[in-house]
Amino acid sequence: MTTLVDPAPGGRPGDVARAGALAAELAERGVRGVVLAYVDTAGIGRVKTVPTARLAAAAAWGVGMSPVFDTFLADDSIVTTDVLGSPDGDLRLYPDLDGLVELAGQPGWAWAPVDRITQEGERHPGCSRTFLRRLVADAEERLGFTFRAGIEIEWSVGLGSAPDGEFVPAVSGPAYGATRQVELSDYAADLLAACAAQGVDVEQIHPEYAPGQFELSAGALDPVAAADRSVLVRQTVRAVSQRHGLRVSFAPAVSAEGVGNGGHIHLSCLRDGVNLHAGGQGRYGMTAEAESFVAGVLARLPALTAVTAPSPASYLRLRPSQWAGVFTAWGRETREAALRVVTGTAGRQEESANLEVKPVDLAANPYLALGCVIAAGLDGVAAAAPLPEEITGDPARFGAEEAAARGVHRLPVSLKEAVERFRGDEVLRAALGPVLADAVTAVRLGEAAAVEGLDDARVAAAYRWKY
Ligand code: GLU
Ligand code: MG
């Protein structure tokens, strides 16, 4: 379980001694430095690194970094809000020692996620990990809710030797093809070894649909740990790929056409450790609260896409009939509905039943995405929101009249449209707080402006190697 305690100047209770002991062990094993990782509002992973011997100092006093990155765009240009984007100020990055791991794909390095606080020791309102940590702590304290979450990771494996900027698939076999598995046999085995060494309990790794595409899924964790893991697994995939002469992309769309890379969220709500998505009187074993949670997420999907599909390239992926889930609908095991209710197989429902949210990609900051999905779901629970009828099959086949009658609508088709919906969503804005909500709006509008006038191929190229 992730610690839900805020960092403070001098260190979280017990952390400094623990960091000192961990640093000594790491140094003994030849670990030279620690990567301190966070994800900015645009979804770009950013880091500072410290020598291993500085870990205790980092746990006590944090490591400095400008708050300006909260309004960085994917191309490293900067936008501003009322309070963010100025060259002034400094923040302290505090490693969460519960998330510290030795990086198997990068010998000599360890890695830890960070929370950011101000120099005065206050929570930084722009820190996405702090946002998710506080939201989860509050749901537990106030409502007795806990969560199990997982983020699927899809990526495109390209040849490292491809001409600059191009994506050339590193495998030629068919979707889910046995040939692909053989072509990248050593690579996938090294990935499994690295994940195992880092305590990542991989459930599946397999060749996916699109050219050169693979997918990895791992066991469920508390939401903050699940978001941390999403960042760690991508760092690991990148490192192992580089050692194999491969170049990988987690971009929503490496090409303008075809199936993209998703980052589906799986989430279940628990009360007193009991899964609310199984064993209930509602549809497919959902309890009334689980149904309302699903209804809450469903109602806010158009606004949520500004957080879960945050890149102009996200809208190249969000197209019908590509399993990206672009219609406001839910269904049992329906891969074209935005929300897929997963019941689990007979005998495993209690462990497995969950809600899958599909219009999510890996350009999304995982802390913001999980937090906003949870906030939307909890709003549904608070309102005892009724869950509409399910759909089966591909909603793309519905005529306008049937779609309207069923309340099935296409999600935003552009980032600008998603931002408009997000701006009007008081629940998401309130959950994020004004600083983060304004950062999301400003960064999304900045990304949209950055690609104004570009055709789809150029948009795909602009973001291909950013995520
Ligand atoms: N690649 C699809 C997407 O972009 C997902 C395929 C799947 O269901 O795993 O969401
Ligand atoms: Mg997949």
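The values are calculated or read from the model by the stated rules, or taken from the named source; none is laboratory data. Note that the structure is predicted; figures quoted are calculated from it, not measured. Quick reminder, even Gly has a Cβ in these numbers, built from the backbone with ideal geometry, and neighbours come from all protein chains shown. Protein only, heavy atoms only, side chains kept; ligands, DNA and RNA dropped before computing areas. Shrake-Rupley method; radii C 1.70, N 1.55, O 1.52, S 1.80 Å.
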Checklist entry - Can you tell me the accessible area per residue over the stretch 12-125, all protein chains present, probe 1.4 angstrom, in square angstrom? => result 42 Å²
Next on the checklist: What translational diffusion coefficient, to the nearest whole µm²/s, does the stretch 329-387 have by Stokes-Einstein, given a Kirkwood radius computed over alpha-carbon pairs, a temperature of 37 °C and 0.692 mPa s viscosity?
Outcome noted: 255 µm²/s
Checklist entry - Counting each DSSP H run of 4 or more residues in the chain as -39500 (n - 2.57), what helix-only mean residue ellipticity at 222 nm follows after dividing by all residues, to the nearest 500 deg cm²/dmol? => result -11000 deg cm²/dmol
Item to check | Lys, Arg +1 and Asp, Glu -1 on Cβ, resulting dipole of the stretch 152-202 about Cα centre, debye, nearest 20 | outcome: 120 debye
Item to check | Convex hull per residue volume in Å³, alpha carbons only, for the stretch 331-467 | outcome: 167 Å³
Next on the checklist: Quick check: with the 1.4 Å probe, what order do Y176, Y284 take by accessible area, largest first?
Outcome noted: Y176, Y284
Checklist entry - Over the chain, what percent of the accessible surface lies on carbon and sulfur atoms, probe 1.4 Å? => result 52 percent
Next on the checklist: Based on the alpha carbons, how large is the Rg to Rh ratio for the stretch 52-92 when Rh follows Kirkwood?
Outcome noted: 1.13
Checklist entry - Hey, got the Cα dimensions of the stretch 290-363 along the principal axes, in Å, largest first? => result 42, 23, 19
Checklist entry - Among rounded, prolate and oblate, which fits the stretch 67-126 when a ≥ b ≥ c are the square roots of the eigenvalues of its C-alpha gyration tensor, a/c under 1.5 means rounded, and a/b larger than b/c means prolate? => result oblate
Checklist entry - Treating the beta-carbon of each Lys and Arg as +1 and of each Asp and Glu as -1, no other charges, what is the dipole magnitude of the stretch 329-387 about its Cα centre, to the nearest 20 debye? => result 100 debye
Item to check | HN-Hα J in Hz across the stretch 76-86 - Karplus 6.51, -1.76, 1.60, θ = phi - 60°, x for Gly and Pro | outcome: 6, 7, 10, 10, 10, 10, 3, 10, 10, x, 7
Next on the checklist: Using the Cα centre of the stretch 375-467 as the reference point, and only Cβ charges (+1 on K/R, -1 on D/E), how large is the resulting charge dipole? Debye, rounded to the nearest 20.
Outcome noted: 340 debye
Checklist entry - With a ≥ b ≥ c the root eigenvalues of the C-alpha gyration tensor of the stretch 30-71, is it rounded (a/c under 1.5), prolate (a/b larger than b/c) or oblate? => result oblate
Item to check | Taking only Cα atoms of the chain, radius of gyration then Dmax in Å | outcome: 21.3, 68
Checklist entry - How would M65, M1 line up by accessible area, probe 1.4 Å, largest first? => result M1, M65
Next on the checklist: If you scale each eigenvalue of the Cα gyration tensor by 5 and take the root, what three semi-axes come out for the stretch 273-415, rounded to whole angstrom and sorted largest first?
Outcome noted: 23, 18, 14
Checklist entry - Lys/Arg Cβ at +1, Asp/Glu Cβ at -1, dipole of the stretch 425-467 taken about the Cα centre: which of A431, A448, A462 is farthest positive-ward? => result A462
Item to check | Three principal axis lengths of the stretch 1-95 [C-alpha, angstrom, descending] | outcome: 43, 27, 27
Next on the checklist: Bins of 10 Å, beginning at zero and ending with the bin holding the largest distance: percent of Cα pairs per bin for the stretch 118-261, please.
Outcome noted: 11, 34, 28, 17, 8, 1
Checklist outcome for this item: Hydrodynamic radius by Kirkwood for the stretch 21-146, inverse mean 1/r across distinct Cα pairs, in Å, is 15.7 Å
Item to check | Heavy atoms of R340 accessible to a 1.4 Å probe, total area in Å² rounded to 10 | outcome: 30 Å²
Item to check | Expected-Rg normalisation [2.2 N^0.38 Å, Cα atoms] applied to the stretch 362-401 | outcome: 1.66
Next on the checklist: Net charge around R335, counting only other residues with Cβ within less than 15 Å of its Cβ (Lys, Arg = +1; Asp, Glu = -1)?
Outcome noted: -3
Next on the checklist: So if I restrict to the alpha-carbon atoms in the stretch 183-287, what is the Rg, and what is Dmax, the biggest pairwise distance, in Å?
Outcome noted: 16.7, 53
Item to check | Accessible area in the full protein assembly, largest first, 1.4 Å probe, for L191, L22 | outcome: L22, L191
